1. Can you pull out the residues in region 203-217 that are touching a residue at least 12 places away in the same chain (Cβ under 8 Å), surrounded by fewer than 17 Cβ atoms within 10 Å (Cβ to Cβ) and away from the ligand (no atom under 11 Å from the Cβ)?
2. Given the conditions (1) farther than 18 Å from SER132 by Cα; (2) more than 11 Å from the ligand (Cβ to nearest atom); (3) at pLDDT 95 or above, which single one is not true for LYS142?
3. Looking at the structure I just gave you, is ILE236 within 14 Å of the ligand (Cβ to nearest atom), touching a residue at least 12 places away in the same chain (Cβ under 8 Å), within 21 Å of TYR138 (Cβ to Cβ) and in a helix (DSSP H, G or I)?
4. Please find, among SER151, SER172, the residue that is within 19 Å of LEU214 (Cα to Cα), assigned by TED's automatic domain parsing to the domain that holds LEU232 and more than 16 Å from the ligand (Cβ to nearest atom).
5. Just one of (1) assigned to a helix (DSSP H, G or I); (2) closer than 29 Å to SER224 by Cβ; (3) under 19 Å from the mean Cα position of the chain (by Cα); (4) not hydrophobic (A, V, I, L, M, F, W, C) trips up HIS83, so point out which.
6. Has region 45-52 got any residue that is exposed (fewer than 15 other Cβ atoms within 10 Å of the Cβ), among the charged types (D, E, K, R), outside any strand (DSSP E or B) and over 20 Å from the mean Cα position of the chain (by Cα)?
7. Can you tell me which residues in region 184-199 are in contact (Cβ under 8 Å) with a residue 40 or more places away in the chain and part of a helix (DSSP H, G or I)?
8. Identify, please: which residue in region 154-169 is within 15 Å of the ligand (Cβ to nearest atom) and under 17 Å from LEU232 (Cβ atoms) and is, among those, modelled with the lowest pLDDT?
Amino acid sequence: MIVRYGDQEVSCLVRQTGAVTDRIRIHVYPNGDVEIEAPKDKEVDHIRAAAQRRARWIFQHRNAAIAARRMALPREYISGETHFYLGRRHKLIIHESKSQRSEVKLLRGKLEVSLPVADRAAVRRRLNAWYSDRAAEYLSKKVGEISERLSWISAPPPLKLMRMRTQWGSCSPEGVIYLNPTLIRAPRHCIEYVILHELCHLIEHNHSKRFFDLLTKHMLDWQSAKRELDSLAELILAENE
Ligand SMILES: [Zn+2]
């Protein structure tokens, strides 16, 4: 089944289910494939119209998925490739010299890694260590700053950095905030959204209306930050492999 939006079109796979429901579900896969799941008693015209109504959504997600995949090439840790830091791409420059002290510098859009022996494994290790240090410093500073603005927090909660494959953050029932250190690669406003989201969980432990009202009260445009983060997720998490 073809769905069109402007001058774009995509051939979608229609999968019929035996479910007794009125709902037509649309899935956009990371490789850009689109699948429409419809109850088997639905007319084709009805399914096509339903999919067509969501054409804008389909192409937004499909184009983002394809772009992310194109950019999420395996990291090689060689000069010239780009790495994200606080939402910006930085060109990696590697200096190798026996007399070189091991260091990473961030200068004018470039990430310069200096090492006595700069093979790929060594560059990767050094760079990841640098990202972890930056994440620890930046994220704890931000948790402190945002906590100060929130009336329900008297002192910043305990913070732990934890690599998670599918989550940016979480808040334990005991009130410990966990953040994914990979966040340091995302734009600042996206990081603030994740921190605020978790800090709101300190008093609203679920995703109830009260939770979202609280979130919105403190960050009006959190939805656009979330969307941006979602669209970057594959890219940024892939970089962290
Ligand atoms: Zn949550």
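1. Just the residues of region 203-217 that are touching a residue at least 12 places away in the same chain (Cβ under 8 Å), to begin with: 203, 205, 214-215.
Remaining after also requiring surrounded by fewer than 17 Cβ atoms within 10 Å (Cβ to Cβ): 203, 205.
Correct list: ILE203 only.
2. Every condition holds for LYS142 apart from (1).
3. Values: within 14 Å of the ligand (Cβ to nearest atom): no; touching a residue at least 12 places away in the same chain (Cβ under 8 Å): yes; within 21 Å of TYR138 (Cβ to Cβ): yes; in a helix (DSSP H, G or I): yes.
In short, no.
4. Values: SER172 fails: more than 16 Å from the ligand (Cβ to nearest atom).
That would be SER151, the only listed residue that is within 19 Å of LEU214 (Cα to Cα), assigned by TED's automatic domain parsing to the domain that holds LEU232 and more than 16 Å from the ligand (Cβ to nearest atom).
5. Among (1) assigned to a helix (DSSP H, G or I); (2) closer than 29 Å to SER224 by Cβ; (3) under 19 Å from the mean Cα position of the chain (by Cα); (4) not hydrophobic (A, V, I, L, M, F, W, C), HIS83 violates only (1).
6. yes
7. As a first pass, look at region 184-199 and keep what is in contact (Cβ under 8 Å) with a residue 40 or more places away in the chain: 184-188, 190-192, 195-196, 199.
Those that are in contact (Cβ under 8 Å) with a residue 40 or more places away in the chain and part of a helix (DSSP H, G or I): ILE184, ARG185, ARG188, CYS190, ILE191, GLU192, ILE195, LEU196, LEU199.
8. Here is the first cut: in region 154-169, the residues within 15 Å of the ligand (Cβ to nearest atom) are 157, 164, 166-169.
Next cut, under 17 Å from LEU232 (Cβ atoms) only: 164, 166-169.
Values: MET164: 84, THR166: 80, GLN167: 88, TRP168: 93, GLY169: 95.
Going through the qualifying residues, I end up with THR166.
The values are calculated or read from the model by the stated rules, or taken from the named source; none is laboratory data. Treat the numbers as computed from the prediction; the structure is a model and nothing was measured. We place every Cβ from the backbone using ideal geometry, glycine too, and count neighbours over all the protein chains shown.
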